[in-house]
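Visitor: What follows is a structure written as structure tokens; I'll ask about it next.
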Amino acid sequence: MKVKYFCGCYTDSFPLFGEPDECFSEGEIEVDEEEWKDGSVTFRCPSCGHLLCQFEGHFYKG
């Protein structure tokens, strides 16, 4: 099944002053339906490399 992901994690680049940069990567991926029902979907963000987890709200049906 296809679900959408949204990253929003902080990147490794920090500006001189203020808050660190956020990734804002999003897209659509194919996931196993049983993993979705279990709430155990994980995916590595292609932009920043952070591990995105379903229980942290990075995925949604759309």
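Visitor: Restricted to the stretch 2-27, and to residues that are in contact with an Asp or Glu (Cβ under 6 Å, 6 or more places away or on another chain) and exposed (fewer than 12 other Cβ atoms within 10 Å of the Cβ), which residue is modelled with the highest pLDDT?
Guide: Selected residue: 2.
Visitor: Is at least one residue of the stretch 28-35 in contact with a Phe, Trp or Tyr (Cβ under 8 Å, 6 or more places away or on another chain) and surrounded by 12 or more Cβ atoms within 10 Å (Cβ to Cβ)?
Guide: yes
Visitor: Then there's this: Just name the residue that is farthest from residue 7 (Cα to Cα) out of those in the stretch 40-49 that are of a type outside the set (Ser, Thr, Tyr) and at pLDDT 95 or above.
Guide: Among those that are of a type outside the set (Ser, Thr, Tyr) and at pLDDT 95 or above, it is 41.
The values are calculated or read from the model by the stated rules, or taken from the named source; none is laboratory data. This structure is a prediction, so every number in the text was calculated from the model and none was measured. Every residue, glycine among them, receives a Cβ derived from its backbone with ideal geometry; neighbour counts consider all protein chains shown.
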